[in-house]
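S.K.: Please find one structure pasted underneath; my questions will follow.
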Amino acid sequence: MRLTHPGNQPNCPALDPPCVLELEAVLFPTWALVDLKMEDTVEVYMDETAEIPCLYTFTENPSIVMVQWFVRAPGGNRERISYSDLTMQKVDANTSYSNRITVRSNSDGETLTVQDVKLSDEREFFCQVSGMAAGNGEGKTLLKVFAPPEPPVIEGVLSGVSVSGDSPAKIASCETRDGFPKPNITWYRDHIPIHPVNGLVNIVTLVTRESSGLYTVQSDLHYKVIKEDKDAHFSCEVSYFVPEAVRTAESKGVNITVHYPTTSVALWRESPEGLVKEGDTVEIRCQGDGNPPAPITFNREQSDVELDSDQGLLFLKEVSRADSGVYECHSLDMDALDHDEVVETMQLTVHYLDPAVVVPKDSEVMLKGESLTATCNALSSLETSTVWFKDGFEVGRGHVLLLQDATFDTAGQYDCEVTVPPLPGLQTSGSVHIIVQGAPQMNDAEREIELTERVGGWVNLTCEVRGHPKPAITWSITGSQSWREVVKRETEDQIYSVVMLKVSADTVAICNSSNDFGIETKTYNIRSIPFSQTPTARKTSVDNSGVIIVVIIVSILLLAILGSVFYFLYKKGKLPCGRSGKQEITKEKTNKDDIVVEMKAKKMEESVLLKGVNGDNKPPTDQNSTLSS
C-alpha cells in the first residue's frame, strides 16, 4: 500500500486530515470492490433545500472509510466542501458552501444537504469513497435549479394595422420575466399555434439575462393581417421547466384593429317600423363594411343633389307622398387601392289618405217618402274602410249609404269615417246633413180627444208637431175665456206647445199646425160637469160593455145565493109544506121577479146615465125624468 500526501495532489490544500488518499492494492487481492450509487440529476426550486444521496457498499468489510464531497468549480476544477472518516466529519471552511451544507451518514452511505439553493449551485457534485484495501469509488450528481417565471404580459399595438401592407407588421408583444432556465414563448391565434412563415409571419425574440441570473424573454409578433383578423384574438403562452415537469402559462387574448377597405354597404330604414305614412319622421341608415368607415353620402335616384345626413344617418322629417322614391347611399373609400365607389339603393313608399269627399255635400233636402244615396270616398295609397254613424251609432258600412222611404226620423247628420286598416294612424272623416221636408205630423195617434172636467177645474192640453219647414202652431178655443200657453219648445223640425185651460162650460180646443206642405189639426172636446157632480168619464173611448157584464155577473151570483138559502130553510123544515107554503113559495117567485125587474131597471138607469155623460147632451133633469118614466 502507498499513501500519497495531500500536498502531492493538485488543487488540494495541505489540510489535516489529508485531502486525497490514494490507495494502491499492492498486498491485497484485486477482487475487493466498492459499489457506489448516485443519482444522475437532482432537481430543486431556487431558495429551497436540495438533498444529494451517495450510497455505497463494499464486497469486504473495510477497516476505515473516508468520504469526501467535491463540487465543480466555475473554472472546471474540483473544490472539496466536506470530509468524513471513522473519527470525524467536517465541512470545509472558506467555501461558498461552508454555511449552507450538512452531511448525514447512515449504514447505506451519506446524504449531502444544500440549503437555500442558488442559481450558482447548478453544477456537478462529486462523492468520493475510500475503504483502503476494501476498495475505492466515486460518483457524481448534477444539481439542477429552477425558478418559474412571472406570468406572461401581452400588449397589442394601439394603432390599426392595414391589410394593404406589403410585409408583416408588428401587431403584439409578449414578455415574461425572472425565469430559470430560459422560458420559451409560443404565439396563438384563436388558440391555434402560430409558426413563422416567410412573408406572412415573423417572430422576433429577445432574451435578457438579469444580474440575478434569471432570464427575461420578450417576443414580438409580426403578422400580415387580413380582414378576417378583425374578430380574431391573439395570445401568447410561456412554457418553462420545473422539477420533473414542464409547465405553461397563457396570457389574456387581445384583439387588434384591422384596417380594410369598404367592399359593400348596407342600407335600411331604422324608423318607423312597418309602413310609413305622411307626417312620419323617417330615419335611414347606411353603413359600409370598411374600417375605418368610409364617408357616406345620400341622394335621390336620378338626382345629383346630396341630402343632409349625419354619420351615415339620413333624417326625413314629416314626410309626404312627394318623398316616396328610390334613395341611394354612396361610400367612397380613399384608402382603397382602386378608390371604387360602393352604392346601395332603397325604395321608400310614403302612404297617404286624402280628406273624405261626401256626396251630397254639406246638406241635402228630401221629401218624405223619397230615397237618397250618399257616398263617402277618400283617395288613398292603400285599401280603405268606411263606416257611417248617426248620433254616435253605426248605421252602415261601405262608401255608399242608402236612405229609403224618408221620414222625419231620417233627418239628421250622418258622419262617415274612412280608415286604412294596415295603418291605423291614417284616418279622415266627412258628414252630410239630411233635411226631410213634409207636411206637419202630429206625434199623438188620436186627432180628436174628448174629456170631462168639473166646472172650475184646470186641464193641460198638449200639441207636439213635426215637420219641415218647421210648422207654426195656433190654438183656437171656444167655450172658455180663461186659458194661456204655458210651455213652448222648438227645434229644427219640431214644436211642442202646452196650454192650461180653466173649464167654465163645454169647450172645444183646436191645435192648428201648418207649413208650406200642409195643415194638421188636433181637437179637444171638453164636457163640463157641475161642481156637485163627479165626472164619470174623461174620454169617449170608455167602453160601457164592461160595466154591463159586471152587473149581470153580480146579479146571477145574488140569485144563486138566494136560491141556496131557500133550499136550506126548506130542508130544515123552517118553511111550511101546505097550501100556505106553496103560496109563500109563489110569493117568493113573485119577489124574485121583482128583483129581476129592479135589476133591469137599474141596468137601464146606468145605461142612460153613461149615455148622457158620453154624448147625449141631455141635462141631468132630463135623465131623471127618463128614469122615472
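S.K.: If the requirement is being part of a loop (DSSP other than H, G, I, E, B) and either surrounded by 13 or more Cβ atoms within 10 Å (Cβ to Cβ) or modelled with pLDDT of 90 or more (or both), which of these qualifies: SER497, SER476, SER480? Steps first, answer last, please.
M.R.: On the way: SER497 fails: part of a loop (DSSP other than H, G, I, E, B); SER476 fails: part of a loop (DSSP other than H, G, I, E, B).
Answer to the selection: SER480.
S.K.: Is it the case that region 205-218 has a residue that's farther than 24 Å from PRO293 by Cβ, hydroxyl-bearing (Ser, Thr, Tyr), surrounded by 16 or more Cβ atoms within 10 Å (Cβ to Cβ) and more than 52 Å from the chain's Cα centre (by Cα)?
M.R.: As a first pass, look at region 205-218 and keep what is farther than 24 Å from PRO293 by Cβ: 205-218.
Checking the rest, the ones that are also hydroxyl-bearing (Ser, Thr, Tyr) come to 205, 208, 211-212, 215-216.
In the following step, the residues that additionally are surrounded by 16 or more Cβ atoms within 10 Å (Cβ to Cβ) were identified as 215-216.
Now narrow it down to the ones that are more than 52 Å from the chain's Cα centre (by Cα): 215-216.
Yes, region 205-218 contains at least one residue that is farther than 24 Å from PRO293 by Cβ, hydroxyl-bearing (Ser, Thr, Tyr), surrounded by 16 or more Cβ atoms within 10 Å (Cβ to Cβ) and more than 52 Å from the chain's Cα centre (by Cα).
S.K.: State whether one or more residues within region 348-367 are part of a strand (DSSP E or B), modelled with pLDDT under 90 and closer than 30 Å to GLY518 by Cβ.
M.R.: Yes, the conditions are met somewhere in region 348-367.
S.K.: Which residue pairs have Cβ atoms closer than 7 Å, lie 6 or more positions apart in sequence or on different chains, and pair a first residue in region 343-355 that is in contact (Cβ under 8 Å) with a residue 24 or more places away in the chain with a second residue that is among the hydrophobic types (A, V, I, L, M, F, W, C) and part of a loop (DSSP other than H, G, I, E, B)?
M.R.: Hits for this filter: VAL350/VAL319; HIS351/LEU275; HIS351/LEU382; LEU353/ALA378; ASP354/ALA378; ASP354/LEU379; PRO355/ALA378.
S.K.: For the structure I just gave you, tell me whether VAL420 is under 24 Å from THR373 (Cα atoms), in contact with an Asp or Glu (Cβ under 8 Å, 6 or more places away or on another chain) and β-branched (Val, Ile, Thr).
M.R.: Here the answer is yes, as VAL420 does meet what is asked.
S.K.: Then there's this: For the condition in contact (Cβ under 8 Å) with a residue 24 or more places away in the chain, of a type in the set (A, V, I, L, M) and either touching a helix residue (DSSP H, G or I) at 6+ places or on another chain (Cβ under 9 Å) or not assigned by TED's automatic domain parsing to the domain that holds GLU344 (or both), what is the one hit in VAL265, VAL319, VAL282?
M.R.: VAL282
S.K.: Considering only residues that are modelled with pLDDT of 55 or more and touching a helix residue (DSSP H, G or I) at 6+ places or on another chain (Cβ under 9 Å), look in region 526-547 and name the one that is farthest from ASN460 (Cα to Cα).
M.R.: In this case the residue turns out to be GLN533.
The values are calculated or read from the model by the stated rules, or taken from the named source; none is laboratory data. All figures in this text were calculated on a predicted structure; none of them were measured in a lab. With ideal geometry, Cβ positions are generated from the backbone for all residues, glycine too; neighbour counts draw on all protein chains shown.
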